[in-house]
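The values are calculated or read from the model by the stated rules, or taken from the named source; none is laboratory data. Predicted model, so just to flag it, every value in this text is computed and none were measured. We place every Cβ from the backbone using ideal geometry, glycine too, and count neighbours over all the protein chains shown.
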């Protein structure tokens, strides 16, 4: 026969399960952050400032890694954090829903950020090769690719400036 204590424990467990089920239904599952932009010029300028800061930091730390001042593992952590921030900036530009007159400028800057992100990923490849103590000529080819990506990114940033209303 069931004891009062056993029945009480069962009731508490059933109540907890029921409450948890209701919470799953009540708490929104898809929380979206909406970015409302009213000054598209200032928004793009702010993103350009963030990108300049990230680029300066990544290039400085990459040079520090190449010079042996930091190890490749430390650099990879810095690069991954920077890449994540660049992705966040791309998302902000995409979700800002720029009006027609700003559309071309925003698209050019999005492409510039994508090239910059590719540049960061290539530096991570160099860091990984260095981490494995691989003294191949492959690093020189990747360094040339990094330079090319940097130039492409800069030219797209200039194109963004040139297409501003």
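Considering (1) modelled with pLDDT under 90; (2) closer than 17 Å to residue 62 by Cβ, the lone condition that residue 137 does not fulfil carries the number (2).
A quick yes/no check of all residues on (1) in contact with a helix residue (DSSP H, G or I) (Cβ under 6 Å, 6 or more places away or on another chain); (2) more than 14 Å from residue 48 (Cα to Cα); (3) in contact (Cβ under 8 Å) with a residue 24 or more places away in the chain:
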site	(1), (2), (3)
87	no, no, yes
101	no, yes, yes
113	yes, no, yes
118	yes, yes, yes
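Each residue in the stretch 68-117 was checked for being outside any helix (DSSP H, G or I) and either modelled with pLDDT under 90 or surrounded by 20 or more Cβ atoms within 10 Å (Cβ to Cβ) (or both), and 7 pass. For the stretch 125-138, a residue qualifies if it is under 17 Å from residue 73 (Cβ atoms), surrounded by fewer than 19 Cβ atoms within 10 Å (Cβ to Cβ) and either within 22 Å of the chain's Cα centre (by Cα) or free of Cβ contacts under 8 Å to residues at least 24 places away in the same chain (or both), and the qualifying residues are 125, 128, 129, 132, 133, 134. Restricting attention to the stretch 129-165, the residues that are within 29 Å of residue 94 (Cβ to Cβ) and part of a helix (DSSP H, G or I) total 19.
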